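Nothing in this text is a laboratory measurement; each read-out follows from the coordinates by a stated rule. Source: prediction; values computed, not measured. Because the Cβ atoms are built from the backbone with ideal geometry, glycine has one as well, and the counts that use them run over all protein chains shown.
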Amino acid sequence: MGSLSGVCLELGIGLAIGMLAGATGTHGSARGRMTLLAAAIGLVVGALLAGAADLDAPVGAIFCLIGAVAACVVVSDVVSGAGRREGSGSGALGFLVSLAALVVVAISILLAPLALAVLVGLVWLGVSRHRRAQRKHAGLRVLR
């Protein structure tokens, strides 16, 4: 299979790919297409980098794909929500997300196990946004 640092490297590269794809802030069916694109890119990049990460090609591709899909879904939701609140000026947020993706790549290369912390942070952000949205909709149902 490979080492933990190899898995973390592939996961971190996938997270960065998904963050870049999610920086567009699409929603609806466009988010689905962007997520599929991030998954395809993650699959190919993961297979290509598997040798450098001391992993088998399918294993590296799977971990990179998981990171890309998870990050794309969460980041596109965050950027889309910020764009709705702010109006059309969400280009700066996309730039900041792109810079954060570069930081994730650097972390994945230099300190690979910290990519797990990035993944945990993204999952926490996604879950907390989902819970907040559920509470909001539950409150609106009471008003009927």
* Size of the range 1-84 along its principal axes in angstrom, Cα-based, largest extent first? -> 43, 19, 13
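Rounded to the nearest angstrom and ordered from largest down, what semi-axes does the equivalent ellipsoid of the range 75-135 get from its C-alpha gyration tensor (root of 5λ)? Working shown, then result.
Working: eigenvalues 116, 63, 4 Å².
Those come to 24, 18, 4 Å.
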* Against the longest alpha carbon principal axis of the chain, how many degrees, from 0 to 90 and to the nearest 10, is the axis of helix 91-110 turned? -> 30 degrees
* Ordering of 22-34, 56-68 by packing [mean C-beta count within 10 Å, highest first] -> 56-68, 22-34
